[in-house]
């Protein structure tokens, strides 16, 4: 009995190891006799996998139709080599041990996989959903166990899916996903193309950044932490507020009085036009038009006609206009600078025979003027050079000597002569010594220049007029016709405006 039990254990083990072992034949009607125990060599042969059965032969059908008794006798006649096979096939069903039941769920298939991405979705399906290759136990199309052929078919169906039928409506389109296997390079290219297409589709909502966002955030944080930048930002805001305040002040000031820029360009009335035209165009050239009593200057029509176009200004008109400018200052001292206006003969007298201060010493006594030259802001000195008028300015307020020529020339000798005169004048009148020779001597830049050969005297008078108003020289050649008529009007009225 021990040998028989051992044989049954070996045969059951062989059944578990070899699932392709052929099923046992139907149980016999009668209990077969026990065969002799198999030898070790026969057991070794039985443990090896059985060879594939040969194709059926016509003569073998009769042998197969025989009952178990015939097979048993054939096994006994064959000897010990065929004893194990005949014995296993002739075992009763009560003693035959069955195979273990299959597991409740099949194991997942572990085959070589590539990264699979859904088209235009950019997510790896093989990583995020590995169960897509695991057959469902309830699916009828997958067998419980897969062989090699079924595995090959499954891989081919995933790698080369059949074409999908066209969708009747766009509502079903998002539910169908086309799976394509791509390489890494193709993945990057597809991602870039997808981003470009999305930007083209939503051009209105795309924000283009020339500087990366992290750089902007870093610069913003560094500006907040930098103390110097915070100080500069505060100064900028303060300056901006000051500028806005000045702009508002500039809008308010004209309400309280006329603007200085508009005063030199007051338009003429019809009455002024008629009086000027009659004075400049009359035939009686010796007729006295005005007499200035304080300076004893008489203006005839012939003298005033130098204010017509293409005419040179003479000494009488220039000197009278300078007297009117001084009277204007005395009338409204708060509106104009305190100035002194030398006439056209002063500089010529000063340089006669070289430098001669004594010849002009009595011109500026305080009894005659009522003030000293050091009390003035500016002193104007007309200079005549044969056929051309220029202007020199002793700027006491700014401590410098200036030369203005409507032709753009410069005369440093005249400025040095006036500096020497100022030193002698202050020493003679007050006994003080000033170092006027060290003051700056300059030619005024960006001057309005004449564009013809006869307006030099008119330019010189307008230099004096605007500087005495403490205004910039905001005029040019195009204004000379207006200024000639205005000067004639002011001389006829004996009142500078």
| remark: For 462, 358, ascending order of other Cβ atoms within 10 Å (fewest first) is 358, 462
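Sort 303, 487 by Cβ crowding within 10 Å, fewest neighbours at the top.
Exposure proxy ranking, most exposed first: 303, 487.
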| field | Extended-chain gain in nm, criterion 0.36 nm per residue less alpha-carbon gap, residue 315 and residue 219 | value | 27.5 nm
| task | Find how much the distance from residue 332 to residue 302 grows on full extension, using 0.36 nm per residue of separation minus their present alpha carbon separation; answer in nm with one decimal. | result | 7.6 nm
| Just the Cα atoms of the range 265-493, one point each, no solvent: what log10 I(q)/I(0) does Debye give at q = 0.14, 0.16 Å⁻¹? | -0.93, -1.21
| Neighbour-count order for 295, 409, fewest beta carbons within 10 angstrom listed first | 409, 295
| Given R₀ = 51 Å, FRET efficiency for residue 447-residue 230 by Cβ-Cβ distance, to 0.05? | 0.65
| said: So if each residue of separation counts as 0.36 nm, and I subtract the Cα-Cα distance between residue 266 and residue 495, what length gain in nm does that give? | reply: 81.0 nm
| field | Distance (nanometres) between label positions extended 7 Å along Cα→Cβ at residue 482 and residue 192 | value | 6.7 nm
| message | As an exercise, use a Förster radius of 45 Å and the Cβ-Cβ distance of residue 470 and residue 285 to find the FRET efficiency, rounded to the nearest 0.05. | response | 0.70
| Given labels modelled 7 Å from the Cα in the Cβ direction, how far is it in nm from residue 246 to residue 397? | 1.8 nm
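FYI, it's all coordinate maths here, none of it is from the lab. All figures in this text were calculated on a predicted structure; none of them were measured in a lab. Here Cβ is always computed from backbone atoms with ideal geometry, including for glycine, and neighbour counts include all displayed protein chains.
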